[in-house]
């Protein structure tokens, strides 16, 4: 194909009504993954308004509504879910081809507790990968006995005083939560003392989160409706979702469940700090240092 034919073909493809505005597709994909215009904007270094306009432009071009807008949330329509499958596949193909062209690839091993890896880290990794296309990440759960030597280890430390965690990238605040199937959506006004007439879910044997929450509420920790103890936050959250009882969880780890109404917060004025996530060991070097800086940009304001 001669140069003039190539450029003519490019002009035709750009004006082809069957093609959407291609620059809007990453915003659509990331907004669908995060369920939040704010988080999508943060990944793409844009404003939420810019993301909203890109998605509206895509919907107008397609003549199809891709999201249902709710208060502080967006949820894919059936058409949006179907379209997302094709867009993600296309973006993945482009990303794979781009990575194959880049020299000097680096493998970086990140080890982390399973709950923060699944519920906080993975939903945000897209922005890191877009900025660091020559890095191949290996995310390993500490709970599964990862054997590789890590470049970065994310560790959790308990504590109620924010001043103890000057280098943490995520403070672990806890709230009491349960399924609306159990207590109803009027639960926000529930009396703290009254919660203990219901089954209580514990994510540690010593009920650390519950005891900190009770100290903040000025009440004693005395479950009267029985309790069930789990050995991970993940299991306790799963139990909450099934309506088994009332648990403690960090809002940062249950963003989607809160947004979609699968969980509701009880006594929302009670949000004590119970610990923090931070990088363990000496300050990482090289690409690992860049990953640490990326983590720190998510620190709570």
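Looking at the stretch 222-234 only, could you name the residues that are out of contact with any strand residue (DSSP E or B) (no Cβ under 9 Å at 6 or more places or on another chain) and under 23 Å from residue 118 (Cβ atoms)? Those that are out of contact with any strand residue (DSSP E or B) (no Cβ under 9 Å at 6 or more places or on another chain) and under 23 Å from residue 118 (Cβ atoms): 231, 232, 234. Is it the case, given these coordinates, that residue 250 is modelled with pLDDT under 95, closer than 30 Å to residue 68 by Cα and not assigned by TED's automatic domain parsing to the domain that holds residue 67? Spelling it out, it is not the case that residue 250 is modelled with pLDDT under 95, closer than 30 Å to residue 68 by Cα and not assigned by TED's automatic domain parsing to the domain that holds residue 67.
Within the stretch 73-89, identify whether any single residue is closer than 27 Å to residue 259 by Cα, outside the structural domain of residue 132 (by TED's automatic domain parsing) and modelled with pLDDT under 80, and answer yes or no. Walk me through how you get there before you give the answer.
Going through the stretch 73-89, the residues closer than 27 Å to residue 259 by Cα turn out to be 73-89.
With the extra rule that they be outside the structural domain of residue 132 (by TED's automatic domain parsing), the set shrinks to 73-89.
Narrowing further to those that are modelled with pLDDT under 80: 73.
Scanning the stretch 73-89, I find at least one residue that is closer than 27 Å to residue 259 by Cα, outside the structural domain of residue 132 (by TED's automatic domain parsing) and modelled with pLDDT under 80, so the answer is yes.
Tallying residues that are surrounded by 18 or more Cβ atoms within 10 Å (Cβ to Cβ) and either touching a helix residue (DSSP H, G or I) at 6+ places or on another chain (Cβ under 8 Å) or assigned to a loop (DSSP other than H, G, I, E, B) (or both) within the stretch 289-301 yields 1. Of the residues making up the stretch 257-288, those that are part of a helix (DSSP H, G or I) and either within 16 Å of residue 166 (Cβ to Cβ) or modelled with pLDDT of 90 or more (or both) are 257, 258. Filter the stretch 34-54 down to the residues that are assigned to a helix (DSSP H, G or I), in contact with a helix residue (DSSP H, G or I) (Cβ under 6 Å, 6 or more places away or on another chain) and crowded, with 16+ Cβ neighbours inside 10 Å and list them by number. Answer for the stretch 34-54, where residues must be assigned to a helix (DSSP H, G or I), in contact with a helix residue (DSSP H, G or I) (Cβ under 6 Å, 6 or more places away or on another chain) and crowded, with 16+ Cβ neighbours inside 10 Å: 34, 37, 40, 41, 43, 51, 52, 54. One residue stands out in the stretch 55-66 among those that are assigned to a loop (DSSP other than H, G, I, E, B) and in contact (Cβ under 8 Å) with a residue 12 or more places away in the chain: the one that is farthest from residue 40 (Cα to Cα), namely 64.
Which residue out of 121, 195 is crowded, with 16+ Cβ neighbours inside 10 Å, at pLDDT 90 or above and not assigned by TED's automatic domain parsing to the domain that holds residue 282? Please lay out each step first, then the result.
Numbers: 121 fails: not assigned by TED's automatic domain parsing to the domain that holds residue 282.
Of 121, 195, the one residue that is crowded, with 16+ Cβ neighbours inside 10 Å, at pLDDT 90 or above and not assigned by TED's automatic domain parsing to the domain that holds residue 282 is 195.
Scan the stretch 222-253 for residues that are without any contact (Cβ under 8 Å) to a residue 60 or more places away in the chain, surrounded by fewer than 16 Cβ atoms within 10 Å (Cβ to Cβ) and in a loop (DSSP other than H, G, I, E, B) and the total you get is 5.
Looking at the stretch 207-221, is at least one residue under 21 Å from residue 118 (Cβ atoms) and assigned to a loop (DSSP other than H, G, I, E, B)? Within the stretch 207-221 (the criterion being under 21 Å from residue 118 (Cβ atoms) and assigned to a loop (DSSP other than H, G, I, E, B)), the answer is no, since none of the residues qualifies.
The values are calculated or read from the model by the stated rules, or taken from the named source; none is laboratory data. Everything quoted here is computed from the prediction, not taken from an experiment. For neighbour counting, all protein chains shown are included, and Cβ atoms are generated from backbone atoms with ideal geometry for every residue, glycine included.
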